[in-house]
Amino acid sequence: MSAAIRVLPLTAGQCLGLAALTGRGAPWRVERYPAGFALILHPLHGPVLFDTGYAPRVLSAMSRWPGLLYGLVTPVQIDVRETAAAQLARLGFPPAGVRQIIVSHLHADHVGGLRDFPGATFVLDLEPSRSLLAQRGLRALRRAFLPELLPPDFLARVRPLTFAPAPSGLAPFSEAADVFGDGSVYAVRVPGHAPGMIALIARTQPGAALEGDGAGLSLLAADVAWRVPALRSGGEPHPLARLAFGDPVGERRSRAGVRAWLEVHPHARVILSHDLPEAGPEPVHVR
Ligand SMILES: [Zn+2]
């Protein structure tokens, strides 16, 4: 029987954005978008994070050029008590004890808290992410990347994901990385929104079958879509928002791949970074 994990979706801060850009037909009003991350409880590897959300250092970066442009486009709200590190500490997991953080992609709202976890290795799809990692200043900012958010020894602490032919239950994804080597969590490539972006397909019940209807599986789809119903139904983001993607063609292809997987696995729980997670078996109590 394959190992199973627990997934607790959490949020660290939020940004303000225009609802109309997140989906066709959505109203032209400013809405709050939580910066989601997830606590993964693995029986052997302990607490592992999928992204971190924001941290107050993002506000510092946005108080200076060129980061202040980011703050103008998407104003950020984050309190020191809301960081991933503070929440984990309250849940009984000292941040220094977090050994691994899986990074979906390098946008500021996903890596803002990395510096708060000094003992963590960063697990990501490194090669395609290098095109962002190489950017500085305005070029980086235009792609929602703020290099100063990364720890100075970031690259030395990276464990690159290794992709191999995927189990048939992950189709249409032909390649996947078995994150812990035990079949509990697979990473699949969903680039477009950002280079190197990954989604996770996790077994949250022992013995849940990848070939089944999705029961017992969770899909952590990062920024593949803004809203879960839109992802499930095939809704498109506003054309203006699509201009902001690094690779609009790849973005559409990745979203179609995730949707195709969901059609075959309708009972999988979907967790997007900026929407309320679908109901799951885990009660989450965070003060
Ligand atoms: Zn993003």
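Considering only residues of the stretch 214-223 that are away from the ligand (no atom under 16 Å from the Cβ) and touching a helix residue (DSSP H, G or I) at 6+ places or on another chain (Cβ under 8 Å), which is farthest from L276 (Cα to Cα)? Break it down into steps so the answer makes sense when it comes.
Within the stretch 214-223, the subset away from the ligand (no atom under 16 Å from the Cβ) is 214-219.
Next, from what is left, pick out any that are touching a helix residue (DSSP H, G or I) at 6+ places or on another chain (Cβ under 8 Å): 214, 219.
On the way: G214: 19, L219: 13 Å.
This residue is G214.
Here are some residues: R259, R189. Which one is buried (at least 19 other Cβ atoms within 10 Å of the Cβ) and more than 16 Å from the ligand (Cβ to nearest atom)? Lay out the reasoning, then the answer.
Values: R189 fails: more than 16 Å from the ligand (Cβ to nearest atom).
Every option except R259 fails the conditions.
Among the candidates E251, E211, E236, single out the residue that is in a loop (DSSP other than H, G, I, E, B) and either aliphatic (A, V, I, L, M) or at pLDDT below 95 (or both).
Details: E251 fails: in a loop (DSSP other than H, G, I, E, B); E211 fails: either aliphatic (A, V, I, L, M) or at pLDDT below 95 (or both).
The unique qualifying residue is E236.
Do we find that L141 is within 15 Å of the ligand (Cβ to nearest atom) and surrounded by 13 or more Cβ atoms within 10 Å (Cβ to Cβ) in this structure?
On the way: within 15 Å of the ligand (Cβ to nearest atom): yes; surrounded by 13 or more Cβ atoms within 10 Å (Cβ to Cβ): yes.
Here the answer is yes, as L141 does meet what is asked.
Hey, among the residues in the stretch 108-132 that are within 12 Å of the ligand (Cβ to nearest atom), surrounded by 23 or more Cβ atoms within 10 Å (Cβ to Cβ) and not small (G, A, S), which one's farthest from H193 (Cα to Cα)?
That would be V111.
Scanning for something small (G, A, S) and within 16 Å of the ligand (Cβ to nearest atom), does the stretch 153-170 turn up at least one residue? Full working, then the answer.
First, the residues of the stretch 153-170 that are small (G, A, S): 156, 164, 166, 168-169.
Now restrict to residues that are within 16 Å of the ligand (Cβ to nearest atom): none.
No, the stretch 153-170 contains no residue that is small (G, A, S) and within 16 Å of the ligand (Cβ to nearest atom).
Can you name the residue in the stretch 201-213 that is within 22 Å of the chain's Cα centre (by Cα) and surrounded by fewer than 24 Cβ atoms within 10 Å (Cβ to Cβ) and is also farthest from the ligand (Cβ to nearest atom) among such residues?
Applying the first criterion (within 22 Å of the chain's Cα centre (by Cα)) to the stretch 201-213 yields 201-205, 210.
From what's left, surrounded by fewer than 24 Cβ atoms within 10 Å (Cβ to Cβ): 203-205, 210.
Details: R203: 25, T204: 24, Q205: 29, L210: 26 Å.
Ranking the qualifying residues of the stretch 201-213, first place goes to Q205.
Being surrounded by fewer than 21 Cβ atoms within 10 Å (Cβ to Cβ) and in contact (Cβ under 8 Å) with a residue 24 or more places away in the chain narrows it down to one of R81, R90, so name that one.
Working: R81 fails: in contact (Cβ under 8 Å) with a residue 24 or more places away in the chain.
Step by step, each of R81, R90 is checked, and only R90 is surrounded by fewer than 21 Cβ atoms within 10 Å (Cβ to Cβ) and in contact (Cβ under 8 Å) with a residue 24 or more places away in the chain.
The values are calculated or read from the model by the stated rules, or taken from the named source; none is laboratory data. Keep in mind that this is a model prediction, so the values were computed, not measured. All Cβ positions, glycine included, derive from the backbone under ideal geometry; neighbour counts span all protein chains shown.
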